[in-house]
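Structure record follows, encoded as structure tokens.
Nothing in this text is a laboratory measurement; each read-out follows from the coordinates by a stated rule. Bear in mind the structure is a predicted one, so any value in this text is a computation, not a measurement. All Cβ positions, glycine included, derive from the backbone under ideal geometry; neighbour counts span all protein chains shown.
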Amino acid sequence: MERGRLFRYDCHDGTPSATARFERDFAAALGARYAVAVNSCSSGLFLSLLACGVQPGDEVLVPAFTFIAVPSAVVHAQASPVLVDTTDDYAIDLDDLVAKITPRTRALLLSYMRGYVPDLDRVVEICRERGITLVEDVAHGLGQRWDGTSLGRFGRAAAFSFQSYKLLDGGEGGMVVTDDREVALRVILYAGCYDRNWQWHFVTDDDRAWLAAHINTVPAYAMRMSNLTAAALLPQVPCIEPRVTQLGERFERFTGRLDGAPLRIPSHPPKLSPVRDSFQCEVALDEAGRARFVDACVAKGLPLGIFGLDPSNSRCFWNWSFARFDDCPRTRDLLMRTADMPLPLWLDDSILDYFADAIHASLAEAGAA
């Protein structure tokens, strides 16, 4: 800020920008060849779809349990989002996925909503056999691993989020990660690289030659990350693993105090190493009882809600009216019964203990056995 270098390409003194250094360090942390910083995960999803060749009129499969930004990225790319139903453990249903593949299906935009992950071995196999491009939405999956491999390393491209409540918090921001050279270089151009500013990216001489030859050949959408955001994120990269450990310990403490409560806490596949930065459970009450439970929790100061009871909730597909979406009845039923609450790192043990006690008391007030 003292030097007035807030724009990522304002680095004419030869010093790499904070944004470029953040890209380099984040790619190294993920073991990826390329990382391109953008202004949001939503932008990253949109640009990834374009760079992977999604065309107007293509169909893109999307989990029905996700955030509104995910199908919105598909609509932004002028493609058609097709919703896929959900399993009891909140991951995309792979049988329904296969059933919804058509000749128009170009890609699967696989969202790991709230950190829930399907059998990724089978997902990769389905996409390979059917000729479908896999793009990962890792907004809720940074730090998680499938059989030892970081989420975001299974598709042709992946997008990450650095909005508040995420493992790395820049207030806003996103990153596209890929090993595919052409995808990465196209995202650099689509994100708003112009003139000779490609020289300020950590890329090879061959990459620079490709960028020089392709500058101005695709639209530039001005979706770059600023140095101010990158400066907030850069020192957090070494914190990924310590934060994962801390979140896991806190989650075990919190859920341990809920033993015996009439709740079902969903499980994760054995191959997944989860990141426990939020809490979901099914509440064993009828709809009126669930509403009483939420009211009692909110009165006690808990940031808890049930997805389907809020007509404005942007995670419920039936609330989206900007495109045509087929019904996914199992997802609808699940979200009508599922309580959801963030567990950010700034909640200390005394607050988590209070939250657990408040949940027990609220269940009793709502009439749970």
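Report summary: the helix-based calculation at 222 nm, which adds -39500 (n - 2.57) for every DSSP H run with n ≥ 4 and divides by the residues of the chain, gives -11000 deg cm²/dmol. Scanning residues 5 or more positions from L343 or on other chains, those with amide H under 5 Å from its amide H are S278, F279, with H placed 1.01 Å from N in the peptide plane. Scalar couplings 3J(HN,Hα) for the stretch 270-277, obtained by applying the Karplus form with A = 6.51, B = -1.76, C = 1.60 to θ = phi - 60°, are x, 6, 8, 9, x, 10, 9, 9 Hz; x denotes Gly and Pro. For a quick check: with amide H placed at 1.01 Å from N, whose amide H comes under 5 Å from V38's, ignoring anything fewer than 5 positions away on the same chain? Those lying under 5 Å, H to H, from V38 are G174, M175, V176, M225.
Please work out, to two decimal places, the log10 of the ratio I(q)/I(0) at q = 0.23, 0.26 Å⁻¹ from a Debye calculation in which every Cα of the stretch 112-197 carries one identical scatterer. Here the Debye-derived log intensity ratios amount to -1.17, -1.30. Put the Cα centre of the stretch 62-126 next to the Cα centre of the stretch 1-54 and the gap is 26 Å. Please list, ordered by chain and number, the residues whose modelled amide H lies under 5 Å from the amide H of T338; skip anything fewer than 5 residues away on the same chain. Amide H neighbours of T338: F307, G308. Annotation: Cα Rg of the stretch 202-249 relative to the compact-globule expectation 2.2 N^0.38 Å equals 1.82. Rank I68, Y34, P16 by how far each Cα sits towards the positive end of the charge dipole of the chain (+1 on Lys, Arg Cβ; -1 on Asp, Glu Cβ) and give me just the farthest. Comparing the listed Cα positions along the dipole, P16 ranks first. As a length-normalised measure over Cα pairs under 8 Å and 6 or more apart, the relative contact order of the chain settles at 20 percent.
Computed from label points 7 Å out along Cα-Cβ, the spacing between A209 and A291 is 6.8 nm. Note on the stretch 114-270: Cα Rg divided by 2.2 N^0.38 Å, N the number of residues, gives 1.27.
Diffusion coefficient (Stokes-Einstein, Kirkwood radius over C-alpha pairs, 37 °C, 0.692 mPa s) for the stretch 18-238: 190 µm²/s, rounded to a whole number.
Order of 108-120, 331-343 by packing, highest average Cβ count within 10 Å first?
Details: 108-120: 24.5, 331-343: 19.2.
Top to bottom by mean Cβ count within 10 Å: 108-120, 331-343.
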